[in-house]
Amino acid sequence: SLNYAFKNLGEPDLIKMDIEGAEEDLLTKNANLFKSKNICIIVEVHSKKIEELIINKCNEINYRHIIVNNDIETLNIRKVQFNRWLILEKNY
């Protein structure tokens, strides 16, 4: 778990998530952990629904988001319909 990792390895400044659809689960289950931290999170998302759920949860814990779109060539190479990155950081 993230809580275990933070206690045993220390708190990171940056977390990059590319866990093929489990990002929503990880972020929602650990929202309170991030609420009290100042950690930048970069998340790859493959659906608008998951993206919206993550953004809404992050708004609740005072994190802002920046959306980074992949270019059309990358989408064609990877053969996916939706692929973006979210940069989530504490909103001051």
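The values are calculated or read from the model by the stated rules, or taken from the named source; none is laboratory data. Quick caveat: nothing in here was measured; it's all calculated off a predicted structure. Neighbour counts are summed over all protein chains in view; Cβ atoms, including those assigned to glycine, are modelled from backbone coordinates with ideal geometry. With ligands, DNA and RNA removed, areas are computed over all heavy atoms of the protein, side chains included. Shrake-Rupley method; radii C 1.70, N 1.55, O 1.52, S 1.80 Å.
Selection of the range 16-37 for residues being touching a Phe, Trp or Tyr at 6+ places or on another chain (Cβ under 9 Å) and more than 16 Å from Glu51 (Cα to Cα) yields Leu33, Phe34, Lys35, Lys37.
Residues that are open to solvent by less than 70 Å² (accessible area, probe 1.4 Å) number at least 3 in the following strands (runs of 3 or more DSSP E) confined to the chain: 40-45, 63-69, 84-90.
In the range 44-70, the residues that are in contact (Cβ under 8 Å) with a residue 24 or more places away in the chain reach residues that are among the polar types (S, T, N, Q) and part of a helix (DSSP H, G or I) with C-beta atoms within less than 7 angstrom, at least six apart or across chains, in these pairs: Lys57/Thr28.
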